[in-house]
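Down below is the structure, laid out as structure tokens.
A short reminder: the numbers here are calculations on the coordinates, not readings from a lab. Fair warning: this is a prediction, and the values are worked out from it, not measured in the lab. Please note: Cβ atoms are built from the backbone with ideal geometry, for glycine as well, and neighbour counts cover all protein chains shown.
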Amino acid sequence: MNQMQAERLQKILSEAGITSRRKAEKLILQGRVTVNGKVVSELGTKAVLGKDDICVDGKAIKAETEKVVVALFKPKSCVTTLHDPQGRPTVADLVKSIPVRVYPVGRLDYDAEGLLLMTNDGELAHRLQHPRYKVPKTYLVKIRGRPLEEALGRLQQGVELEDGITAPAELQILEDDKKATWLTLTLREGRNHQVKRMCAAVGCPVLRLRRTKIGPIDLGNLQPGRIRKLKAREVRVLRKAVGLDG
């Protein structure tokens, strides 16, 4: 970002590695952001990072010099947030060794596990989550019982949910018996609790859920609770996948 160019505050906060653009909007609306000593609560407000004095909760912000992307195997019973009022373990606890502040790209439910990307690259995070870029996310799913062909067809073609019909999904059955079925499900949109809601809607409650891949990045041999910093080559491929320069 050109530091002498005025940008919207939510973009500045995101690019500075403070939080995601969506959460930055909430900070602004809550009156927690000041520019040159004045509280700003309008989303259209612009400022210049490096020239204007921009603070969040009284703390001045500055641009991160290094953009970092971290792959985390989020374990179950861990919340995808940097702070939890209930005192539960958070993903922030697992990335303390990273020297810059990184925040989660999207979410995984408390009882779900698997690949979670964390970064201080606001534009990359924004595009990875935006439905316009249709970034594929693959899940390993264990569902109750043996699904009927009709149910599988609905998952592949699109399921009617309370917030509209889902986009077609890619599906592959790995193992099935009368008690449970293991399958992979690849989605290109990111609604809240989408996998669980889709499966429940076709009569196949989810028993276990693990995300294994986001775009070109997969979980690999990463173990629960462990992290790895993506290599420069991986970051270039990831950025290219969402239309950013490599």
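Summary table below
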{"item": "Surface/4 of the Cα convex hull for the stretch 7-60, nm²", "result": "3.0"}
{"item": "Two-decimal ratio, the stretch 104-152, of alpha-carbon radius of gyration to 2.2 N^0.38 Å", "result": "1.52"}
{"item": "Gained length - A201 relative to I165, 0.36 nm times residue gap less alpha-carbon distance", "result": "11.8 nm"}
{"item": "Electrostatic dipole magnitude of the chain [Cβ: Lys, Arg +1; Asp, Glu -1; Cα centre; debye, to 20]", "result": "420"}
{"item": "Within the chain, helix-based [θ] at 222 nm, where runs of 4 or more DSSP H residues each add -39,500 (n - 2.57), nearest 500", "result": "-5500 deg cm²/dmol"}
{"item": "Taking the C-alpha atoms of the stretch 79-169, convex hull volume expressed per residue in Å³", "result": "146"}
{"item": "Estimated distance in nm for a label pair at Y110 and L222, the labels positioned 7 Å out from Cα along Cα-to-Cβ", "result": "2.3"}
{"item": "Kyte-Doolittle mean at least -1.0, axial Cα span of 27 Å or more - DSSP H helices of the chain", "result": "none"}
{"item": "Per residue convex hull volume, Cα atoms of the stretch 1-105, in Å³", "result": "106"}
{"item": "Projected area averaged over orientations for the stretch 166-234, convex hull of C-alpha atoms, nm²", "result": "6.3"}
{"item": "Percentage of interatomic Cα-Cα distances in the chain larger than 34 Å", "result": "23"}
